[in-house]
1. What is the residue count in the stretch 15-25 for residues that are among the β-branched types (V, I, T) and either closer than 13 Å to T66 by Cβ or crowded, with 16+ Cβ neighbours inside 10 Å (or both)?
2. Look through the stretch 13-50, keep the residues that are small (G, A, S) and free of Cβ contacts under 8 Å to residues at least 24 places away in the same chain, and return whichever of them is farthest from V79 (Cα to Cα).
3. For the stretch 41-62, what are the residues that are touching a helix residue (DSSP H, G or I) at 6+ places or on another chain (Cβ under 8 Å), surrounded by fewer than 20 Cβ atoms within 10 Å (Cβ to Cβ) and part of a helix (DSSP H, G or I)?
4. Among the residues of the stretch 26-40, what is the count of those that are under 10 Å from T66 (Cα atoms) and not in a helix (DSSP H, G or I)?
5. Can you find a residue in the stretch 50-61 that is over 8 Å from the mean Cα position of the chain (by Cα) and on the phi > 0 side of the Ramachandran plot?
Amino acid sequence: MQANETQPSLRLSAGRLLSVIALVFCVPLGALFVSVATGAVGVFLGITSYALGARRLGMLAVVLCTAAMFVGLLVGQGVIPGDAFDRAVDGWFRNMPTERFTED
């Protein structure tokens, strides 16, 4: 009987951990970068945590990651004022591998 009692708490703890990972990493990255991948990973982590038993945190992760994904796309397209991180560092790293071979 003791193994059955610890099983739901392990599932719930794993679900909460996945939700926290989605909320801490995927939401800010989804809002800063013009990429759907981080938002999709956050939504997947939220759905998985919801299925593992962390209902409120899982739903919060899904909603916030979806919203961050749309905010990142809108900022990147110029609909919302601001500058996406991708555009802000666009020219900084482009010539970095070949820059040392050029003679000025």
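Read-outs throughout are calculated quantities, based only on the coordinates presented, and are distinct from any laboratory measurement. Remember, it's a predicted structure, so these values are computed and weren't measured experimentally. We place every Cβ from the backbone using ideal geometry, glycine too, and count neighbours over all the protein chains shown.
1. Total satisfying the criteria: 1.
2. Ranking the candidates gives S13 first.
3. V41, I47, T48, A51, M59, L60
4. Here the count works out to 1.
5. yes
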